[in-house]
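The values are calculated or read from the model by the stated rules, or taken from the named source; none is laboratory data. What you are looking at is a predicted structure, and each value in this text was computed from that prediction instead of being measured. Counting neighbours? That spans all protein chains shown, and the Cβs are built from the backbone with ideal geometry, glycine included. We work out accessible area using only protein heavy atoms, side chains counted, and drop any ligands, DNA or RNA first. Shrake-Rupley method; radii C 1.70, N 1.55, O 1.52, S 1.80 Å.
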Amino acid sequence: MTATTFIDGLSLGAIYALIALGYTMVYGIAKMLNFAHGDIIMVGAYTVYSTLLWMGKPILAVIFAIAVCVILGVVIEKVAYKPLRGASPLAVLITAIGVSYLLQAIAQLAFGAKAVPVGLPRFPVLHIGDKLVVNVSTLITLGVGSVLMIALTLFIKKSKIGRAMIAVSEDRKAAQLMGVNVNRIISLTFAIGSALAAVASIFYLMQIPNTSPTLGSMPGIKAFTAAVIGGIGSIPGAMIGGVLLGVVEKICLSIPALNPYTTAIEFAILIVILMVRPTGILGKKIREKV
Amino acid sequence: MALLEVQNLEVNYGLIKAIKGISFEVNQGEIVSLIGANGAGKTTTLHAISNILPKSGGKVFFDGEDITDKKAHELVYMGIAHVPEGRRIFSELTVYENIQLGFFSRKDKREYEQSLQMVYEYFPVLQERQNQIAGTLSGGEQQMLAMSRALMSKPKLLLMDEPSMGLSPLYVNTIFEIVQKVNRESGTTVLLVEQNAKKALSISSRAYVLEIGNISLTGTGSELLNNKSVIEAYLGGE
Ligand SMILES: Nc1ncnc2c1ncn2[C@@H]1O[C@H](COP(=O)(O)OP(=O)(O)OP(=O)(O)O)[C@@H](O)[C@H]1O
Ligand SMILES: [Mg+2]
């Protein structure tokens, strides 16, 4: 493994981690698996595509992508999931899968089924010493991703609203008895998760320059795997799981003998970790509360 | 005028009628207890008042205002604090962070310091353990924390659900002394749910006896302490 492979892996891991945070936070706070989360990435990508097409300004594309994803995430929660609060988990899960297909179908109607080039500017490649070759986009992903994750961790740990989020995730009713508006905390959770997914979609487009209606599926499922590996519901777990998966993926891709089996190896890691630790690396025992 | 007035409250769990149309009131400044055996519906009643459980019928008024359909979190802002059965502290957070969450409904920094001082005076052990993870506190300490958390909201009405459950007599005495002290010093009205009827009645101005979803008896604390059927059913015969 070269240093280049490792840095590429960390960077891909940061993308997975950003997406995984959305799965894990929603799971921890709203107690549901939001299977439409991956498709938020796709919506972010088409927002970038449309903005660049009409206005040509990458910075506007970034802002719009975040804004559209946040609004969409919050609206989906309000329209599709909130009416099902207290319904069986299976009903919620099926609704989430339905939302996922709905988003893909809308994208297909609006933009067609074929992949389109998004047209983000290319970034230069840096040669550091004679061994290390990195794309500037990789470093941006790594830097911005790390800053966002540190900021999120501090927000959850130190701010009043962050504490309220922890309280809701541990005991929703007890949190209400403190005066916490649970609906608002859940909306905020979807907003944060979607914003992180939008940022991830931009980083993803720096690596894979096309988008299609199913763009979100693969990074979505990988990030979900990362969240489960790290322990679903755990924020540091999502970060660890994401980085682990990203590094493994890039290493496997760089070794010709392993290359074709990359995805299989990633899921095999999931299975092995769940066999050793059914709750994931940092997951807690699931307690049922009445 | 009553601070809390419950009119014909009904609560169903599916087809089971847990509360069958009870009415009672708690006046400003009183300590009122609601006693009854396991499964009588005491917790259900408090949960329905706090609106963390839907009512099937009846009305609840607080300070003259109809709060029947208010959101649970709004009631905290109006001045109702609820120390739930089983304490339900946030076990992953520290003692201090739990206490801070109790202040969630309030803003003023100076008032925060005052309230914090107050609960630390009531329960010095919590100050000693302020950085401990709350889940690692003993049962009695957790009860103190749950009560402190509720007091941080500066409630007009404190709902307490079996604060003595599972505690040694020493802790029970501490908790009951503080309930009286809060009532006396801050003028906080208290609705106390207890199975420990003797202890509860001895500090209560009035009490209601709840029996499988209905109020069967009411009177002052001392009347009920001397009532023959109460003695037989809840005070261990004697
Ligand atoms: N979630 C629930 N679903 C169905 N029935 C319930 C539920 N919660 C309580 N009950 C039933 O409602 C009745 C009243 O229960 P509740 O918890 O209010 O009693 P309690 O007076 O607080 O008892 P305890 O002293 O044991 O705490 C009981 O018969 C109980 O089995
Ligand atoms: Mg009870």
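Here are the numbers for the structure shown:
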| quantity | calculated |
| --- | --- |
| Area of B:Tyr208 that stays accessible when all protein chains are in place (1.4 Å probe, Å², to 10) | 20 |
| Accessible area, probe 1.4 Å, largest first, for residues B:Glu74, B:Glu185 | B:Glu185, B:Glu74 |
| Accessible area per residue in Å² at 1.4 Å probe, computed on the stretch B:4-234 | 42 |
| Proximal lysines to A:Lys57, defined as alpha-carbon separation beneath 29 angstrom and excluding residues fewer than eight positions away on the same chain | A:Lys114 |
| Environment charge at B:Val11 (Cβ cut-off 12 Å; Lys +1, Arg +1, Asp -1, Glu -1) | +3 |
| B:Asn214 versus B:Gln195: modelled label distance in nm, points set 7 Å from Cα along the beta carbon direction | 2.4 |
| DSSP bridge pairs, chain B: antiparallel proportion in percent, nearest 5 | 55 |
| Shielded residues, the stretch B:60-79 - accessible-area loss of 50 Å² or more between chain alone and all protein chains, probe 1.4 Å | B:His73 |
| Which of B:Leu192, B:Ala146, A:Ser11, positive extreme of dipole for the protein assembly as shown (C-beta unit charges) | A:Ser11 |
| Net charge dipole size for the stretch B:177-238 [Lys, Arg +1 and Asp, Glu -1 on Cβ; Debye, nearest 20] | 140 |
| Calculated over the stretch B:4-234: convex hull of Cα atoms, volume per residue (Å³) | 118 |
| Cα-derived Rg to Rh of the stretch B:126-170, Kirkwood definition | 0.98 |
| Degrees separating the helix A:89-111 axis from the principal Cα axis of chain A, which is the longest one | 40 |
| For the stretch B:1-107, the spread of Cα positions along each principal axis, largest first, Å | 40, 31, 25 |
| Accessible area, probe 1.4 Å, largest first, for residues B:Arg88, A:Arg277 | A:Arg277, B:Arg88 |
| Where A:Arg184, B:Arg87 fall by accessible area, highest first, once all protein chains stay in place (1.4 Å) | A:Arg184, B:Arg87 |
| Reach of B:Lys228 by Cα under 18 Å, taken over lysines that are not fewer than 8 positions away in the same chain | B:Lys198, B:Lys199 |
| Summed residue charge, Cβ within 14 Å of A:Leu33's Cβ, Lys/Arg positive, Asp/Glu negative | -1 |
| Span from the the stretch A:246-284 Cα centroid across to the the stretch A:107-131 one, whole angstrom | 26 |
| Cα extents of chain A along the three principal axes, largest first (Å) | 60, 47, 34 |
| Top of B:Pro54, B:Pro84, B:Pro124 by mean-square fluctuation, Gaussian network on chain B, Cα under 10 Å | B:Pro124 |
| Choice from B:Ile49, B:Ile35, B:Ile22 showing the highest fluctuation, given a GNM over chain B with Cα pairs closer than 10 Å | B:Ile22 |
| At 1.002 mPa s and 20 °C, Stokes D of the protein assembly as shown from Kirkwood alpha-carbon radius, µm² per second | 83 |
| Computed label-point distance, nm, for sites B:Gln28 and A:Ser146 using a 7 Å Cα→Cβ extension | 6.1 |
| Highest-fluctuation residue, B:Lys154, B:Lys228, B:Lys109 considered, GNM on chain B with Cα pairs under 10 Å | B:Lys109 |
| Accessible surface buried upon A-B contact (total; probe 1.4 Å; Å², nearest 100) | 2100 |
| A:Thr214-A:Ser88 pseudo-label distance in nm [points 7 Å out on the Cα-to-Cβ vector] | 3.0 |
| Taking the convex hull of Cα positions in the stretch A:167-290, its mean projected area over all directions (nm²) | 9.6 |
| Relative contact order %, chain A, counting alpha carbon pairs below 8 Å whose residues are six or more apart | 37 |
| Around A:Thr5: net Lys/Arg minus Asp/Glu count, Cβ-Cβ under 13 Å | 0 |
| Within the protein assembly as shown, helix-based [θ] at 222 nm, where runs of 4 or more DSSP H residues each add -39,500 (n - 2.57), nearest 500 | -18000 deg cm²/dmol |
| Cα gyration tensor shape of the stretch B:50-134, rounded if a/c is under 1.5, else prolate or oblate by comparing a/b with b/c | prolate |
| Normalised convex hull volume, the stretch B:73-201, alpha-carbon set, Å³ per residue | 99 |
| Cβ-derived FRET efficiency at R0 56 Å, A:Ala257 paired with B:Gln132, nearest 0.05 | 0.60 |
| Span from the the stretch B:25-45 Cα centroid across to the the stretch B:121-167 one, whole angstrom | 20 |
| Contact order relative to length of chain B, as percent, for alpha carbon pairs under 8 angstrom and 6 or more apart | 27 |
| Pairwise centroid distance, computed over Cα atoms, of the stretch B:171-237 with the stretch A:38-92, Å | 55 |
| Degrees, to the nearest 10: B:109-122 long Cα axis against longest axis of chain B | 70 |
| Carbon + sulfur, % of accessible area of the protein assembly as shown - ligands and nucleic acids excluded, 1.4 Å | 63 |
